[in-house]
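None of the figures in this text is laboratory data; all of them are computed from the coordinates on show. These figures come from a predicted structure and were not determined experimentally. Don't worry about glycine lacking a Cβ; one is built from the backbone with ideal geometry, like all the others, and counts go over all protein chains shown.
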Amino acid sequence: MTITGRLRVRNLRWLFVVFAALLAATTLFSASPAFADVVGEDEPFRISGNVKNQGVPLEGVLIMVTGGGHDAQVRTDAAGQWRIGVPEKSTYTVTLDESTLPDGIAVVEGSNAQEVEIGPSGRITLNYFIGQGERNVTSFADQLISRLINGVNFGLMLGLAAVGISLVFGTTGLSNFAHAEMVTFGAIAALLLGTTVALPIWAAIPIAVIVSGAFGWAMDAGLWKPLRSKGLGLVQLMIVSIGLSLALRYIFQYFIGGGTLQLPGANTEKLTLFGAVSMSWIDIVSMAISVIVIIAFACWLLFTRIGKATRAVSDNASLAAASGIDVDKVVRIVWIVSAAMAGLAGVLYAYYRPGIKWDMGAQILLLVFASVTLGGLGTAFGALVGSIIVGIMVEISGLWITSDLKFVGALGILILVLLVRPQGILGRKERIG
């Protein structure tokens, strides 16, 4: 690699770190404190309530609200009151964490989880009946195992998106911010095929992945290749990707609206596997699909002719071209594979959330960049390793910090690893000069 190329890689690495630090700081200063009595004040609808024991307010009791692709939590104030804003009129599950109640009292009849539906008024009040009794408390070990498995599931899904963006960076040097919209595109394509076209979901998902790959081909043929041919620098290309990301995001919002839409089977009942670990059959199938696709991708990259050519271009594009490799053809195939894997990640993420929103890809873009940087820029397998670590950290950190700050733990690990190993876990050490 030339000195100029190495400088570009080093500058882009620091760009990733600065980008992650800025967004982490934004999250830290904009999120609600862990013991606030109000969360989501900017949301249009409200769920509120009181927690009292024989008329005595209980402070610091944890309330969690999930549903419609939304996940938030809050603690009661000194008056036993709490309030959570939600984005849309939908059905939500409101859960009181009994482990945060004082000793010797519990929710009457164990009704700590209740389903509520936002009515015409846009507001609903929910009260819990607290009294003497024994409560079922999930042990820390069971919670840890459950979150670890969920973290692996999330990390595998994240890895599908991270591997694609890492391939594009390795072969073209482009930090593609529009990759987030490729994730969203895959989920929307599956939604349209599964609901509007009314195809069976087992057929809609593979077709959505193929359509996503075609979308990647069209973007490279219509935009990125012409710009590369004109000799645009990496910074200019990155700025174009940011503009493309914003344009696509609001195009999605125009067509599907600002609400949360569900894929068929998204609300499948969870099955208790062992201990406190419960997963739906869709979660299990999603993990299996992720593992199979990642293994197939690894075989493609390691053993096929085009896979070896891709690694050669990623390592040194000029030398690969001099060796007779058609670099443009390789880059085109990389865009197709990257978009297809991002589309599949979008479908799996829509089931994981659950729900499809116009900005769902942007919500995990920071984690995708963090995974790529943590594993090592331009290394596909490094991106996969980084994704697993980030996914596990995001889930496990929820044991100690509020869900509003759950991404901070993963970014903290990213910063610590880069301080010790600046090239990332599987990245190669490079000498400048």
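Values for this structure:
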| read-out | value |
| --- | --- |
| Cα→Cβ-extended label distance, 7 Å offset, between Asp359 and Ile210, nm | 3.4 nm |
| If the convex hull is drawn through the Cα atoms of the range 38-137, its volume per residue in Å³ | 90 Å³ |
| Local electrostatic count at Ser90 - Lys and Arg +1, Asp and Glu -1, tallied over other residues with Cβ under 15 Å | 0 |
| Ranked by how many other beta carbons lie within 10 Å on average, peptides 358-365, 333-340, 260-267 from highest | 333-340, 358-365, 260-267 |
| Once the Cα gyration tensor of the range 151-193 is diagonalised, semi-axes √(5λ) in Å | 20, 16, 7 |
| Proximal aspartates and glutamates to Lys230, defined as alpha-carbon separation beneath 16 angstrom and excluding residues fewer than eight positions away on the same chain | Asp220, Asp328 |
| Per principal axis, descending, Cα span of the range 191-317 in whole Å | 55, 42, 29 |
| Relative contact order (percent, whole number), the range 38-137, Cα cutoff 8 Å, 6+ residue spacing | 33 percent |
| Convex hull volume per residue for the range 49-200, taking Cα atoms only, in Å³ | 191 Å³ |
| Cubic angstrom per residue, convex hull over Cα atoms of the range 351-416 | 95 Å³ |
| Spin-label pair Thr95/Gln236, simplified geometry with 7 Å Cα→Cβ offset, distance in nm | 5.2 nm |
| Virtual spin-label span in nm between Gln114 and Asp71, 7 Å along Cα→Cβ | 2.4 nm |
| Packing-based exposure ordering (other Cβ within 10 Å, fewest first) of Arg311, Arg147 | Arg311, Arg147 |
